[in-house]
Amino acid sequence: MLQTLLSGRARMVTHLVGWALVSLLFFSLLSGIRGAEEAFWRTAVNLLFLVVLFYGNAKVLVNRYLETGRYQQLAGLTLFVWLGTAALRTVVEIRLFGGSIFQGNAMPEDSGVRMFLAYSLSYFLLLLFSTLYQLLENRHSLELRHRALEARHAETQLNYLKAQINPHFLFNTLNNIYAAASLQHPRTADMVLRLSDLLRYVTYDGQQNLVPLGKELAQIRAYLDLFRLKSEQLPAIELEVDDRFDQRQIEPVLLLPLVENALKHGDLDENPGAFLQITLKNTAEALQLTVTNTFDVQNRQKDAAGGVGLENLRQRLELLYPGRHHLTTCSENGIFTAVMEVG
């Protein structure tokens, strides 16, 4: 509630309503004692002093001196403004209205002193309230700026991670096409065409905030087809999809890195018993992708440049689904399993 009152248009409305209520209160009290005309002018003068003192203290004394640590100057200026305003208000009261509302035409000798003391006390309380309000407003503004900076930083970092996907994806895919071309594979042209479609998705759709899950799945199937085209024998790749929530939208190129990682570091080309199992479960509560593949435990060459895709994916999940994701990996007996879940 307090944050709403200290923010944007609501703050201006709060101030206007507050001063309107103060004016109405003054006028109601004064009109019953001095009449409507005098009550109006007394209310106007009171409001003028209150507004000037409130905002002068808040915007000048608090912002320029208290918040910057200039405490000695602040003490002197506050004392001057506080007592000076009370003295000026007393003089205006006597000159314009002849004295306090509770006095007749004949003024006691000490009435000016008593008015000065009364205004000093009320203005002291006003200064305290003004200071407290401005400090709260400043802390709220600082928090908003801090959140905005964090959001811009996260966006910048996410854009950087997205930019890494394209060359990483292209590097791995071109390796597959190069292997096929070096063997003069008859379907090399088809592979280039599939690569063109994939790059169009990564380059253009990858810049969007969200894409339908079906579009990401289509790219996974195209990437698997691309891999099958360059293989001499049909590899043991199985894709199982359990899709029960057709409204799912996800960050583009979120699932593809796990599949890409399995194909890059797996041993489908060398091991007759190798396999790749991809299972996707999509419900209203969560989206879970499980990728299980075999790999050659003796071959460390592939791992020398590996890890880029998974580490990139971990960072993106931290930015996109904070507290709503899980990414676990397990490597045992030549089988690697990665499980990703987002809520």
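Along the Cα→Cβ direction, 7 angstrom out, place labels at residue 24 and residue 329. What is the inter-label distance in nm?
6.6 nm
Going by the alpha-carbon gyration tensor, a ≥ b ≥ c the square roots of its eigenvalues, is the range 2-147 rounded (a/c under 1.5) or, if a/c is not under 1.5, prolate (a/b greater than b/c) versus oblate?
Oblate shape, in that a/c is at least 1.5 and b/c is the bigger or equal ratio.
The range 216-285: which trypsin sites (Lys or Arg not before Pro) are DSSP loop and have at most 11 other beta-carbon atoms within 10 angstrom? Don't skip to the end; give the middle numbers.
Numbers: sites: 221, 228, 230, 244, 248, 264, 281; in loops: 244, 248.
Taking the range 216-285 and a limit of 11 other Cβ atoms within 10 Å, the loop trypsin sites (Lys or Arg not before Pro) found are 244.
Give me, ordered by chain and number, the residues 5 or more places off residue 250 or on other chains with an amide H under 5 Å from its own placed amide H.
211, 213
I want to check the label-to-label distance for residue 193 and residue 174. Put each point 7 Å from Cα in the C-beta direction and report it in nm to one decimal.
Inter-label distance under the simple model: 2.3 nm.
Classify the range 183-342 from the C-alpha gyration tensor, please: rounded if a/c falls under 1.5, else prolate or oblate depending on whether a/b exceeds b/c.
Details: a/c = 1.69, a/b = 1.25, b/c = 1.35.
Oblate is the answer for the range 183-342, as a/c is 1.5 or above yet b/c matches or exceeds a/b.
Every read-out reported here was derived from the displayed coordinates using simple, explicitly stated rules and does not represent laboratory data. Please read these numbers as outputs of a predicted model, since none were measured by experiment. Glycine gets a Cβ as well: all are built from the backbone with ideal geometry, and neighbour counts include every protein chain shown.
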